[in-house]
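K.L.:
Take this structure first; my questions come after.
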Amino acid sequence: MPRRRPISREQWTLRLEYMHNLAQTNAVRLNDQLLGYLPARDNAPTWVSVAFPVPAGLLRPGYNELIVEVSRLAPDYQNSDFTWGDVQFRRIRLERR
């Protein structure tokens, strides 16, 4: 994929809410750069807010790709029918800092 010029040198924050994250290894990436990991929580049905700083120059004009890499659950939570996380997301947004 050709490199696009950065959208600006401003700093942004990626904010989102998630529920049911049991693994500490679920990574959040923007344009192939690791922003961080979703903090592991219990399986309670509550929404958790998290914010990741987006480095200046990472956003591009047009298409930007947000990826959440969901890992396998820890063996304590696995059974034969349920080995992957069931993470839910809402209110995903970028805000200028």
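K.L.:
Give the Rg/Rh ratio for the stretch 1-73, taking Rg as the radius of gyration of the Cα atoms and Rh as the Kirkwood radius, to two decimals.
P.N.:
In the stretch 1-73, Rg relative to Rh is 1.03.
K.L.:
Any idea what the relative contact order of the stretch 1-73 is, in percent, if you count C-alpha pairs under 8 Å spaced at least 6 apart? Mind dumping the intermediate values first?
P.N.:
Details: 136 pairs, mean separation 32.6, N = 73.
Over the stretch 1-73, the number comes to 45 percent.
K.L.:
Add +1 for every Lys or Arg and -1 for every Asp or Glu among the other residues with Cβ under 11 Å from the Cβ of L30, and state the total.
P.N.:
Working: positive: R29, R60; negative: D32, E65.
Within the 11 Å Cβ shell, the charges total 0.
A short reminder: the numbers here are calculations on the coordinates, not readings from a lab. Here the structure is a predicted model, which means the values were calculated and not measured. We place every Cβ from the backbone using ideal geometry, glycine too, and count neighbours over all the protein chains shown.
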